[in-house]
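Below: the structure, in structure tokens.
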Amino acid sequence: MGKKYNQPCNIAGTLDIVGDRWTLLIIRQLLRGDRKFNEIRQGLEGIAPNILSDRLQMLEQEGIVVSTLYSKHPPRFEYALTEKGRELRHVLIALSDWGNRYLEKRYARLVHPECGHDVEIIYRCPQCDSTTKSLRYEEVKDEGEPAQNA
């Protein structure tokens, strides 16, 4: 694993876990249904086997991936995302959405399965049950209390 950001920030903390090269693409392959080492590797042209192995081990240590031995000789494992890992689909969807808007080539679309039209990411406040496109990122001080804005 590369250097850590060591910043008191949720974004930096998340990047400490999934910010290395290949890590989010490995998660993408697992979300697509690839479960075996060679299946994941085939979906990631150019990844070295030792890098894939290191990333899978790190993701397992972080509780994002779980491995199951399916062959003893030679040892072979299947990999699956935990609930914590499956929640990263939101990160991948947000990255894909940004890429769809700002990169010239579109590789995939996020669509409503019933009508086939593109969808957009929205945020909903469960307290007042309303949606919003405007958000504010607030620092948190002790025990979840928002810091006072200066």
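The values are calculated or read from the model by the stated rules, or taken from the named source; none is laboratory data. Remember, it's a predicted structure, so these values are computed and weren't measured experimentally. As a convention, Cβ positions derive from the backbone with ideal geometry for all residues, glycine included, and neighbour counts pool all protein chains shown.
Quick notes on this structure:
- When PHE37 is tested against (1) out of contact with any Pro (no Cβ under 9 Å at 6 or more places or on another chain); (2) modelled with pLDDT of 95 or more; (3) among the aromatic types (Phe, Trp, Tyr), exactly one condition is not met: (1).
- Unmet criterion (only one of (1) loosely packed, with under 15 Cβ neighbours inside 10 Å; (2) closer than 22 Å to ARG109 by Cα; (3) at pLDDT 95 or above) for TRP22: (1)
- Among the residues of the stretch 26-48, those that are surrounded by fewer than 17 Cβ atoms within 10 Å (Cβ to Cβ), part of a helix (DSSP H, G or I) and without any contact (Cβ under 8 Å) to a residue 12 or more places away in the chain comprise ARG32, ASN38, GLU39, GLN42.
- Scanning the stretch 104-138 for residues that are loosely packed, with under 10 Cβ neighbours inside 10 Å and aliphatic (A, V, I, L, M), we see that the one that is farthest from THR23 (Cα to Cα) is LEU135.
- Hey, ASN38 of a type outside the set (A, V, I, L, M, F, W, C) and within 15 Å of the chain's Cα centre (by Cα) or not: no
- Residue check, THR82 surrounded by fewer than 16 Cβ atoms within 10 Å (Cβ to Cβ) and modelled with pLDDT of 95 or more: yes
- Unmet criterion (only one of (1) in contact (Cβ under 8 Å) with a residue 24 or more places away in the chain; (2) surrounded by 15 or more Cβ atoms within 10 Å (Cβ to Cβ); (3) over 18 Å from the mean Cα position of the chain (by Cα)) for ARG76: (2)
- Residue under evaluation ARG106, criteria (1) modelled with pLDDT under 90; (2) farther than 25 Å from TYR123 by Cα, criterion not met: (2)
- Residue selected from the stretch 79-103 under the condition within 20 Å of ASP16 (Cα to Cα) and in contact (Cβ under 8 Å) with a residue 40 or more places away in the chain, by the criterion nearest to the chain's Cα centre (by Cα): LEU88
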